[in-house]
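Each remark here refers to the structure printed beneath this line.
The values are calculated or read from the model by the stated rules, or taken from the named source; none is laboratory data. What you are looking at is a predicted structure, and each value in this text was computed from that prediction instead of being measured. Positions of Cβ are generated from backbone atoms using ideal geometry, with glycine treated the same way; all protein chains shown enter the neighbour counts. Note: areas computed on protein heavy atoms with side chains; ligands, DNA, RNA excluded. Shrake-Rupley method; radii C 1.70, N 1.55, O 1.52, S 1.80 Å.
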There are 4 protein chains.
Amino acid sequence: MKAAVIHAPLDLRIEDADIPAMGPYDVRVRIRAGGICGSDLHYYLHGGFGTVRLKQPMILGHEIAGEVMEVGAQVSRVQPGDRVAINPSQPCGHCRFCLDGKPNHCLDMRFYGSAMRMPHVQGAFREVLVCNEVQAVPIPAALPLEKAAFAEPLAVCLHAARQAGPLLGQRVLVTGSGPIGALAVLVARQAGAREVVATDIMEAPLAIARRIGADIALNTAGDPEALTRFKADKGRFDAVFEASGSGVALAGAMEVTRPGGTIVQLGLAGGEMTLPINMLVAKEIALRGTFRFHEEFAWAVHFLATGTIDVSPLLTEIVPLSEAVRAFELAADRTRAMKVQLSL
Amino acid sequence: MKAAVIHAPLDLRIEDADIPAMGPYDVRVRIRAGGICGSDLHYYLHGGFGTVRLKQPMILGHEIAGEVMEVGAQVSRVQPGDRVAINPSQPCGHCRFCLDGKPNHCLDMRFYGSAMRMPHVQGAFREVLVCNEVQAVPIPAALPLEKAAFAEPLAVCLHAARQAGPLLGQRVLVTGSGPIGALAVLVARQAGAREVVATDIMEAPLAIARRIGADIALNTAGDPEALTRFKADKGRFDAVFEASGSGVALAGAMEVTRPGGTIVQLGLAGGEMTLPINMLVAKEIALRGTFRFHEEFAWAVHFLATGTIDVSPLLTEIVPLSEAVRAFELAADRTRAMKVQLSL
Amino acid sequence: MKAAVIHAPLDLRIEDADIPAMGPYDVRVRIRAGGICGSDLHYYLHGGFGTVRLKQPMILGHEIAGEVMEVGAQVSRVQPGDRVAINPSQPCGHCRFCLDGKPNHCLDMRFYGSAMRMPHVQGAFREVLVCNEVQAVPIPAALPLEKAAFAEPLAVCLHAARQAGPLLGQRVLVTGSGPIGALAVLVARQAGAREVVATDIMEAPLAIARRIGADIALNTAGDPEALTRFKADKGRFDAVFEASGSGVALAGAMEVTRPGGTIVQLGLAGGEMTLPINMLVAKEIALRGTFRFHEEFAWAVHFLATGTIDVSPLLTEIVPLSEAVRAFELAADRTRAMKVQLSL
Amino acid sequence: MKAAVIHAPLDLRIEDADIPAMGPYDVRVRIRAGGICGSDLHYYLHGGFGTVRLKQPMILGHEIAGEVMEVGAQVSRVQPGDRVAINPSQPCGHCRFCLDGKPNHCLDMRFYGSAMRMPHVQGAFREVLVCNEVQAVPIPAALPLEKAAFAEPLAVCLHAARQAGPLLGQRVLVTGSGPIGALAVLVARQAGAREVVATDIMEAPLAIARRIGADIALNTAGDPEALTRFKADKGRFDAVFEASGSGVALAGAMEVTRPGGTIVQLGLAGGEMTLPINMLVAKEIALRGTFRFHEEFAWAVHFLATGTIDVSPLLTEIVPLSEAVRAFELAADRTRAMKVQLSL
């Protein structure tokens, strides 16, 4: 079995890997599609992010879908031949957070392709994966696997939307229109927002943002006045999804968030940010983090399967595993790429 | 009529001032007690804070109580002889925020002793004040005026508590045990918190925090491990009131806030803060600002009047207006002072 | 000017009425489209509902749209020739509810075509209406007036949706698929519900419910087991919109609402209902009323104008004012009619 | 070992019972105090309530405290000699509700002294109880066991308070001042309510309500105008705890609940109630059920242990197990009894 293994920054290799043994509640899945996520790129380009650093070789990847090959003796939810989206989360099921309906904060979480713990949790850019049956969510025949592989990042954005409260009728700003920002645009629309404005510092992602439903898509590169029109009356937006990881974008968002509004910070940025805390205080803004997802994975599969949310415009290219290095280089080039997937 | 007028940093003068004319809905009040607030100190020591700067002489003060001397022809709520706490907020009553039950975000707010607008809004450290009848809230005979003058900062903390959600049964951290932090301790207790921990970098305020109900009061000066015991399982506290204005305190608070917990930032700190945004994201912390108050002023008067909240331990000294400079110097010395009031 | 005046049950007359005088902030509107609401029908069929009873002749109607003919001297929001949807609410703007952002609970509300107060507030099934400029919301040229006349009932359902909390990803039941129920189906979809099930006791409205987005539409007439499939695990639905006004429907809804779920009761039913309160207790269900709307009127106009919500399938027939009696008889026949409008 | 076993209405016997075997995570507890709950009384007087009916003899009781006698091999939380309050809930720990932090809705709940399932779950009015270690919550030496036995009903009321949202500064009505209503008064005070009004139809419980902190305690027996003073401006109360189980009380509460207020229905009343649903709709009242508790049991023990909540005034008499029938007769007489406990 082949897998995409990161050894050090810019040292990504296609290597043979062993197929793990199966337990009675496990399923063996032939992975077919794997999306390259921002965290995969951080490992590839920088060897990690913040305090999370590669300390041993690790298979990357956690946005995946495939076909069930074999199931354990106790498995009842899926059967061989089923096509499935894979939930890369493996919470412990016993800690206080798992028992409180918040397994994304599990004290002993295992998440594919993550160097947060030692030994690292190996990822899913591999031909064959063995996982627990609850991780394998069946999809209808009509849903292509490359769309199913969007379930994970879409779940992240659906979870983020819940941090913002009800979006029906609200005015929403999305700062940063990369893959996560673009999915946030789709989710804001799905949740009934009245207005969605997207920003970025490049034209290519903004063009996609417009195509998928942003009412306005603004290039803020070198234009400190780009959002000025939204500052009147202490700010226009009820909710902001900050998906750029830029402190400048976050500070700018505060200026156009209405008093009492919410800014949801997505993604693990480089680390520290310097914020105009006085504005947060005087406008009673809520700045909330959002981290991974839980039941929203099932929602994501549902919305993809019914076509309610169409991620097609986000898929830049499907690259064979053998050309993984080219895929990662493409994914890192925001002028050319939104979401790049590997075919496995 | 005498008033305490700030002209420039460290240039506070007791001067004669005119008594304003009265309208039909106005009341004339003989101010008796006036508490020195952190913002008064900022004007006295530094001429302002952040972008708010003294541009003309201004009477300071907004934590006040007194006796009604005379009422306008249309006044029905109070009568001469009534003892009253004065609400220093004068929202416009017409803007979108006033009509949305959020007059603390009024687009045309006038607030006593504030240099936010030009001309500045003159303050209330004066012998006689003319205000609208709705600002004058009657207090019972048994409530001393020096306690009634705590209504304003207590209202600030009651409003802050509402940003944190229900506190019944919750574990609460208060960082910074100055006057606002100490009132936050009292409010957290009043709201039914199960545990209240207070911190400061000086012993004197911590001693008061213990006296008024903090279960634990910790000196974090030079002790980066002071809160370590609360870090287990991703953090102990459900809610934090950050009342120190220190970025170090806020960052430390994030480490001991549980996933999904809320940090309420009180007060207008110097301006920018550098934050470990990754921790906010990974723990889905909500960092919320809180600004002034609305109906909580009436709550504050009620809790003071019934003795449910006892602010006596916070009152350091009552200083005659003629010694206002000494009063401000005392208020600025946290080793000696919690709340200093002027008698007017 | 002609108007549709109700004198007593089944005594609806087309009569001449005076055109009111205009004030400086008023606009004169040539009403073109007027939808017949359930409350209009109650006045027509029964002379009122509950304790609200006709005591004098009253012009009916409050779901209206038209063209601005003339504007007062101080009007700035609209000009002659503008096409507008009319908000029939006239809150006082001064009471505690108006100042708390809840004018739908105004202590001195005037609402078109309502016998709640004496003298009754005359309604808007008339050729010419004079109203305040804030009631006249401009619509784009592309929006037909008959669609604009849906703004009011759509606003009711948008407001109802907010009582249910976020609907993104939720499973929703709508009991009663008349005009309000059908609009609730559309709103649940707009708010991102994952599943929408509608019920009724007649086939005709169920067919429309299916057409506009209900995943399942069930006829519960004489079939006590119609919802049985949704009872497993203490109930399937996160949120219910009860739009039938039937106690049987409400009790049935409780059986299929999940623990902690919300049932929103729409509309003013006949009066009392007998409920299985033990089930509400044991499942910790929240039963919430919803009444009229506020800023949701603007949302409704926006969603109609952008075509995000398409109400076309709900419009049964447009009947000339001269045939108003036929229009009301048609509207009262649920086998034939969903929404009947008058052309004025 | 002796136990109090109900065989049929009014047929309560003190009988010998076997001491169950212990598992490795179990503890054996010498029960000392057991409070008689309303549901115990329903079994004693009527053989059950609603659809819950005695079908076999059952030991009653679930408000209990005692001393640990022996612990299983794997027990780490308590040791012999510890004094403990016992949580009578035994959720399964695996169902969707247990994994969602809502074990009070467990699909396979076992709760002491309940005839909801067959065979019935035997109760805890017995000399010796074997339970899982997580059910035995240690209490400090200073807390008498008869106070510790209030932990369960106090937890019920703390959980109920959370259904009402934040109570800080709120005006609260408690209808029905029996044991649950009286504890609701204490909890409303603990949560910082500004005003607490209690009602009942008997003087004895009202006297206790006044003593424990109700600002006003009103006898509504035969006085339909008792609450009239609270009807102004559409109703005075932000939150209501309905603890009488009376439809008349609930309907009366609706009249004095402010628009947008919440009524929490406590307890399992007889079954159906007839409600003025029009008022619920027009005032947008939320009527919410509350059922049992979860983490609030630990809160209750904490508040009892620290003396923050003092339940002493509620304890009518402690009766020896041998006189259990007299104890139940006393408990059933509201003119004489608030809470009656058995000593075991």
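Exactly one residue out of A:255, A:242, A:225, A:284 is open to solvent by less than 30 Å² (accessible area, probe 1.4 Å) and either more than 8 Å from every other protein chain (Cβ to nearest Cβ) or among the hydroxyl-bearing types (Ser, Thr, Tyr) (or both), and it is A:242. Residue B:203: closer than 24 Å to residue D:161 by Cα and surrounded by fewer than 20 Cβ atoms within 10 Å (Cβ to Cβ), yes or no? No: the conditions fail for residue B:203. Considering (1) surrounded by fewer than 18 Cβ atoms within 10 Å (Cβ to Cβ); (2) farther than 21 Å from residue A:20 by Cβ, the lone condition that residue A:105 does not fulfil carries the number (1).
Among the residues of the range B:270-281, the one identified as within 23 Å of residue B:167 (Cβ to Cβ) and more than 7 Å from chain A (Cβ to nearest Cβ) is B:279. Mind listing just one residue for me: the one in the range A:86-95 that is part of a loop (DSSP other than H, G, I, E, B) and in contact with a helix residue (DSSP H, G or I) (Cβ under 7 Å, 6 or more places away or on another chain) and, of those, nearest to the other protein chains (Cβ to nearest Cβ)? Of everything passing the filter in the range A:86-95, A:91 is nearest to the other protein chains (Cβ to nearest Cβ). All conditions but one from (1) in contact (Cβ under 8 Å) with a residue 60 or more places away in the chain; (2) on the phi > 0 side of the Ramachandran plot apply to residue A:133; the one that does not is (2).
Scan the range D:137-169 residue by residue and report those that are of a type outside the set (Gly, Ala, Ser), under 24 Å from residue D:35 (Cα atoms) and open to solvent by less than 30 Å² (accessible area, probe 1.4 Å). Across the range D:137-169, the qualifying residues are D:139, D:143, D:145, D:150, D:152, D:153, D:154, D:156, D:157, D:158, D:159.
Residues in the range D:265-288 that are over 14 Å from the mean Cα position of the chain (by Cα) and under 20 Å from residue D:49 (Cα atoms): D:270, D:271, D:272, D:273, D:274.
Entry remark, the range C:100-122: residues being in contact with a helix residue (DSSP H, G or I) (Cβ under 8 Å, 6 or more places away or on another chain) and either free of Cβ contacts under 8 Å to residues at least 60 places away in the same chain or in a loop (DSSP other than H, G, I, E, B) (or both) number 4 in total. Just checking, does the range C:35-54 include any residue being over 19 Å from the mean Cα position of the chain (by Cα), aromatic (Phe, Trp, Tyr) and either open to solvent by 50 Å² or more (accessible area, probe 1.4 Å) or at pLDDT below 95 (or both)? No, because not a single residue in the range C:35-54 is over 19 Å from the mean Cα position of the chain (by Cα), aromatic (Phe, Trp, Tyr) and either open to solvent by 50 Å² or more (accessible area, probe 1.4 Å) or at pLDDT below 95 (or both).
If you filter the range B:186-201 down to residues that are touching a helix residue (DSSP H, G or I) at 6+ places or on another chain (Cβ under 8 Å) and at the interface with chain D (Cβ under 10 Å from one of its Cβ atoms), you find that the one that is nearest to residue B:40 (Cα to Cα) is B:187.
Looking at (1) at pLDDT 95 or above; (2) farther than 23 Å from residue D:42 by Cβ, which is the only condition residue D:94 fails? Evaluating residue D:94 over (1) at pLDDT 95 or above; (2) farther than 23 Å from residue D:42 by Cβ leaves (1) as the failure.
Checked against the criterion of being open to solvent by 30 Å² or more (accessible area, probe 1.4 Å) and more than 30 Å from residue A:142 (Cα to Cα), the candidates A:274, A:262, A:308, A:290 yield just one match: A:274.
Just checking, which of D:70, D:63, D:127 is over 25 Å from residue A:94 (Cα atoms) and open to solvent by 60 Å² or more (accessible area, probe 1.4 Å)?
On the way: D:63 fails: open to solvent by 60 Å² or more (accessible area, probe 1.4 Å); D:127 fails: open to solvent by 60 Å² or more (accessible area, probe 1.4 Å).
Answer to the check: D:70.
To keep it simple, each residue is scored yes or no on (1) touching a Pro at 6+ places or on another chain (Cβ under 7 Å); (2) assigned to a helix (DSSP H, G or I); (3) modelled with pLDDT under 95.
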position	(1), (2), (3)
B:196	no, no, no
B:214	no, no, no
B:223	no, no, yes
B:229	no, yes, no
B:238	no, no, no
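Residues of the range B:40-85 that are assigned to a loop (DSSP other than H, G, I, E, B) and farther than 19 Å from residue B:27 by Cα: B:47, B:50, B:51, B:54, B:55, B:56, B:57, B:60. For residue B:325, indicate whether it is open to solvent by 40 Å² or more (accessible area, probe 1.4 Å) and either at pLDDT below 95 or part of a loop (DSSP other than H, G, I, E, B) (or both). Considered against the rule, which asks whether it is open to solvent by 40 Å² or more (accessible area, probe 1.4 Å) and either at pLDDT below 95 or part of a loop (DSSP other than H, G, I, E, B) (or both), residue B:325 comes out as no.
Look at (1) modelled with pLDDT of 95 or more; (2) within 12 Å of chain A (Cβ to nearest Cβ); (3) buried (at least 23 other Cβ atoms within 10 Å of the Cβ) and you find that residue B:267 fails only one, number (1). Restricting attention to the range B:170-185, the residues that are within 14 Å of chain D (Cβ to nearest Cβ), crowded, with 24+ Cβ neighbours inside 10 Å and in contact with an Asp or Glu (Cβ under 8 Å, 6 or more places away or on another chain) add up to 1. Within the range D:328-344, if we keep just the residues that are in contact (Cβ under 8 Å) with a residue 60 or more places away in the chain and more than 18 Å from the chain's Cα centre (by Cα), the residue that is most open to solvent (accessible area, probe 1.4 Å) turns out to be D:336.
Residues that are closer than 28 Å to residue C:242 by Cβ and away from chain B (no Cβ under 14 Å): does the range C:96-109 have at least one? Yes. Filtering the range A:110-138 to residues that are closer than 25 Å to residue D:103 by Cα and within 13 Å of another protein chain (Cβ to nearest Cβ) leaves only A:134.
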